[in-house]
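Note sheet for the following structure.
The values are calculated or read from the model by the stated rules, or taken from the named source; none is laboratory data. Since this is a predicted model, take the numbers as computed values, not measurements. Virtual Cβ from ideal backbone geometry, glycine too; neighbours counted across all protein chains shown. Surface accessibility is based on the protein's heavy atoms, side chains included, excluding ligands, DNA and RNA. Shrake-Rupley method; radii C 1.70, N 1.55, O 1.52, S 1.80 Å.
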Amino acid sequence: MFDRLKKAREKTVYGIKLFLIGLFVVIGIGYILYFINHLRGDLGAERFLSAGWNIEFRGLTYENTALSDFSAKGIKRGETVTMSRLLPPNIPLNAALIVHVHYAAVKVYIDGDLIYTADVDRYENGLHLGNGFYEVILPEKSTGKLLTLEYIAGEDGAFSSIERPALWDYLTFRQDYAALNILILALSFFFIVLGCAMGVMSFFLECRKVFAFLDVFRLTSLSAFSIVFGTWILGESDLFEVFTNDIITKSDIKYGAFYLIPVFFIGYHFENSWDGKHKGKNLLFGIIMLLGTGLYIYALIMHHTQEVSFRRYLILVHVVDALTVVSVLVVKIYEYVKGQRENQMSFYATIIGVFAAIIDLVRYNIYSYSTSHGDTGFNITAMYVVMVFFVLAQLYDYMSGTVRDAREDERMGTISKLAYTDVLTGINNRQAAEKYFDTVDSKDENYVIVQFDLNNLKKVNDTYGHEEGDKYIELFAGTLKKMFEHRGFIARTGGDEFIFVMTPKAEGERGWLESRLSDLNIILGNKNTGHEEVKMSTAYGVYDSIFGDAKSIRDGLRYADAKMYEMKKEMKASR
């Protein structure tokens, strides 16, 4: 009793330590990324138009305001935010204004002249808008002129604040933007490329039937998780814009990826069997996976029929996210307590990954509902880097685990094969025959069973020895295999006794069997037994279930055995 309490206490202490380590790792990585992001923003601060704006919203005017101090929380579809300020005197020669939009249409004016519009036609047609940024090339000699931006909310709650516009040289902007975000860009491509590689691997494993279906399903889920996570990073970090100006499609892809992240995350955690120990776990994960998939399909239909946009279902996605991470966390803790943890790296990676997801999920909702800026400008912190560790650890765990399982299956298959194989002839043995009889009876199929008895075996054993007798048996078994194996089941059930079972599926099969049996002793008589005075032959009896009244195949075998003995007596009498 004392030992059990001591072990339980040790596990509890270890679990607390693990929790604290995971928490500190996630927070530490988050602060490092925050510092890098903050430093990057400071280095390019002269490019950003952060302050000095005159903003008009709901009939109110905010003069000389910093964008960080302005809030449009609670904005309704069709409401506008108009903001103006003078362009600085040091704008680049080939100036482009980078305008961030958050589910809004935008108009850009220089000294009152309209020079650019984005998504105004979509707004007027009642279509969904997207989030990202547009690159607006400014006219020459725009220095010191009045810049006016008009944002039109495309839906209720479209945005709560305005991200600061920026001035760049349009000839180098995309390269510079990619360089400033090289870490995030590299991470996103890492996930996508790794996911594609795992997808190709799972395809070939399935084609070659190397692993069980659930093993391939888990690898496919990990592959898909890696791809959608990398895709979501590209969208969430506005890095799609390095490659395209289509922020509408980009937004659809980003939300689609976000909806599917929990689906594929939990799909990887299925076990590769449905036995009693894993059935409950797989059932729980399967329900959550179906729930997430159903939500995605429903949201996709509603979005593309222009009924409700993807982002209106975010709260439901967060519920699925919470169910996913909590269920995985609970299962992992349960497995740890029960001593079922096999791979430490995978275990730690999952725990830390779950912590990262929980922290960012909580941060997002606090940021959205308790700050004046809502979700506009929210940045993910630790999850990007943590998920690198997670995906690599799970891939390592998968490969080591499935290879181990495959070897164990191969070992058990070999043991099973030995248990059901006749060592001398290589065909099925008595145990295999008994198992096959149960299968035939359970299916209630019509069958034809033939009982063979090899003649002259005792004579060969007595005259030339058991080694020659074994060769004699092997020769007979090889002949039966060649003649009958492709049509049914063959087994050696005793020293000189063999059976053949056929379950006819087509017309003519019974005639084929009758023809083969009539030729059998002629073929056997021409076999070279190695001894001229020994001619191989067999007595056999046949029972056909369609013409008899046997209650089981074993009863049918007894009928066939009786007929075999009748034939054996006739063969002895004719010598």
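Out of all the residues in the stretch 60-93, which are assigned to a helix (DSSP H, G or I) and not hydrophobic (A, V, I, L, M, F, W, C)?
Narrowing the stretch 60-93 to residues assigned to a helix (DSSP H, G or I): 67-69.
Hits for the stretch 60-93 are S68, D69.
Need pairs with beta-carbon distance below 6 Å; first residue surrounded by 12 or more Cβ atoms within 10 Å (Cβ to Cβ) and modelled with pLDDT of 80 or more and within the stretch 272-287, second assigned to a helix (DSSP H, G or I) and among the aliphatic types (A, V, I, L, M); sequence gap 6+ or separate chains.
Final answer for the pair search is K281/V331; F285/I266.
Quick one: which residue in L214, L194, L205 is closer than 26 Å to I253 by Cβ and under 40 Å from the mean Cα position of the chain (by Cα)?
On the way: L214 fails: closer than 26 Å to I253 by Cβ; L205 fails: closer than 26 Å to I253 by Cβ.
None of the others qualify; the one that does is L194.
Among the numbered criteria (1) outside any loop (DSSP other than H, G, I, E, B); (2) under 18 Å from F547 (Cα atoms); (3) open to solvent by 50 Å² or more (accessible area, probe 1.4 Å); (4) free of Cβ contacts under 8 Å to residues at least 60 places away in the same chain, which single criterion is violated by R510?
It is condition (4) that R510 fails.
Tally up the residues in the stretch 489-509 that are among the basic types (K, R) and modelled with pLDDT of 90 or more, please. Break it down stepwise before answering.
Filtering the stretch 489-509 for residues among the basic types (K, R) gives 492, 505.
Right, trim to modelled with pLDDT of 90 or more and you get 492.
Here the count works out to 1.
What's the number of the condition N365 fails, among (1) modelled with pLDDT of 70 or more; (2) within 23 Å of K73 (Cβ to Cβ); (3) open to solvent by 50 Å² or more (accessible area, probe 1.4 Å); (4) of a type in the set (S, T, N, Q)?
So N365 meets the others, but not (3).
Per-residue answers, yes or no, for (1) modelled with pLDDT under 95; (2) touching a helix residue (DSSP H, G or I) at 6+ places or on another chain (Cβ under 8 Å); (3) small (G, A, S):
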| residue | (1), (2), (3) |
| --- | --- |
| K458 | yes, no, no |
| K471 | yes, no, no |
| A477 | yes, no, yes |
| F484 | yes, yes, no |
| L517 | yes, no, no |
| I522 | yes, no, no |
| S537 | yes, yes, yes |
| S545 | yes, yes, yes |
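Can you tell me which residue within the stretch 71-96, out of those that are within 27 Å of N125 (Cα to Cα) and of a type in the set (K, R), is least open to solvent (accessible area, probe 1.4 Å)?
Out of the qualifying residues, it is K73.
Which one of these does I261 not meet: (1) assigned to a helix (DSSP H, G or I); (2) surrounded by fewer than 18 Cβ atoms within 10 Å (Cβ to Cβ); (3) among the β-branched types (V, I, T)?
That leaves (2) as the condition not met.
Using the structure shown, decide if G126 is surrounded by fewer than 17 Cβ atoms within 10 Å (Cβ to Cβ), within 23 Å of K76 (Cα to Cα) and touching a residue at least 40 places away in the same chain (Cβ under 8 Å). I'd like the intermediate steps shown before the answer.
Values: surrounded by fewer than 17 Cβ atoms within 10 Å (Cβ to Cβ): yes; within 23 Å of K76 (Cα to Cα): yes; touching a residue at least 40 places away in the same chain (Cβ under 8 Å): yes.
It is true that G126 is surrounded by fewer than 17 Cβ atoms within 10 Å (Cβ to Cβ), within 23 Å of K76 (Cα to Cα) and touching a residue at least 40 places away in the same chain (Cβ under 8 Å).
Hey, among Y472, Y447, which residue is farther than 28 Å from G548 by Cα and in contact with a strand residue (DSSP E or B) (Cβ under 8 Å, 6 or more places away or on another chain)? Steps first, answer last, please.
Values: Y447 fails: farther than 28 Å from G548 by Cα.
Y472 is the lone residue from the list that is farther than 28 Å from G548 by Cα and in contact with a strand residue (DSSP E or B) (Cβ under 8 Å, 6 or more places away or on another chain).
Which one is surrounded by the fewest Cβ atoms within 10 Å (Cβ to Cβ), of the residues in the stretch 146-171 that are in a loop (DSSP other than H, G, I, E, B) and of a type in the set (D, E)? Let's see the steps before the verdict.
Going residue by residue through the stretch 146-171, those that are in a loop (DSSP other than H, G, I, E, B) are 154-165, 170-171.
Among the residues that remain, those that are also of a type in the set (D, E) are: 155-156, 163.
Values: E155: 19, D156: 13, E163: 20.
Of everything passing the filter in the stretch 146-171, D156 is surrounded by the fewest Cβ atoms within 10 Å (Cβ to Cβ).
Across the stretch 499-545, which residue is nearest to N456 (Cα to Cα) among those that are within 49 Å of the chain's Cα centre (by Cα) and β-branched (V, I, T)?
Applying the filter and picking the extreme gives I499.
If you take the residues of the stretch 103-123 that are open to solvent by less than 60 Å² (accessible area, probe 1.4 Å) and part of a loop (DSSP other than H, G, I, E, B), which of them is farthest from Y255 (Cα to Cα)?
By that ranking, first place goes to G112.
Which of the residues that make up the stretch 530-554 are free of Cβ contacts under 8 Å to residues at least 60 places away in the same chain and open to solvent by 40 Å² or more (accessible area, probe 1.4 Å)? Lay out the reasoning, then the answer.
Quick first cut of the stretch 530-554, residues free of Cβ contacts under 8 Å to residues at least 60 places away in the same chain only: 532-533, 547-551.
Once the filter is applied, which keeps residues that are free of Cβ contacts under 8 Å to residues at least 60 places away in the same chain and open to solvent by 40 Å² or more (accessible area, probe 1.4 Å), the stretch 530-554 yields E532, E533, F547, D549, K551.
Kindly establish whether F203 is without any contact (Cβ under 8 Å) to a residue 12 or more places away in the chain and aromatic (F, W, Y).
On the way: without any contact (Cβ under 8 Å) to a residue 12 or more places away in the chain: yes; aromatic (F, W, Y): yes.
Spelling it out, F203 is indeed without any contact (Cβ under 8 Å) to a residue 12 or more places away in the chain and aromatic (F, W, Y).
For the structure I just gave you, tell me whether S223 is buried (at least 21 other Cβ atoms within 10 Å of the Cβ), small (G, A, S) and under 30 Å from F390 (Cβ atoms). First the steps, then the outcome.
Values: buried (at least 21 other Cβ atoms within 10 Å of the Cβ): yes; small (G, A, S): yes; under 30 Å from F390 (Cβ atoms): yes.
It is true that S223 is buried (at least 21 other Cβ atoms within 10 Å of the Cβ), small (G, A, S) and under 30 Å from F390 (Cβ atoms).
Among the residues of the stretch 172-182, is there at least one that is open to solvent by 20 Å² or more (accessible area, probe 1.4 Å) and not in a helix (DSSP H, G or I)?
Let us first name the residues in the stretch 172-182 that are open to solvent by 20 Å² or more (accessible area, probe 1.4 Å), namely 172, 174-177, 179-180, 182.
Restricting the remaining residues to those that are not in a helix (DSSP H, G or I) gives 172.
Yes, the stretch 172-182 contains at least one residue that is open to solvent by 20 Å² or more (accessible area, probe 1.4 Å) and not in a helix (DSSP H, G or I).
Restricting to the stretch 460-504, and then to whatever is open to solvent by 70 Å² or more (accessible area, probe 1.4 Å) and touching an Asp or Glu at 6+ places or on another chain (Cβ under 9 Å), can you tell me which residue is farthest from I553 (Cα to Cα)?
Per the stated criteria, the residue is T463.
Tell me, please, whether a residue that is of a type in the set (V, I, T), in contact with a helix residue (DSSP H, G or I) (Cβ under 9 Å, 6 or more places away or on another chain) and closer than 24 Å to E236 by Cα can be found in the stretch 100-114. Give the derivation first.
Of the residues in the stretch 100-114, the ones of a type in the set (V, I, T) are 101, 106, 108, 110.
Still in the list and also in contact with a helix residue (DSSP H, G or I) (Cβ under 9 Å, 6 or more places away or on another chain): 101, 106.
Filter again for closer than 24 Å to E236 by Cα, leaving 101, 106.
Within the stretch 100-114, one or more residues are of a type in the set (V, I, T), in contact with a helix residue (DSSP H, G or I) (Cβ under 9 Å, 6 or more places away or on another chain) and closer than 24 Å to E236 by Cα.
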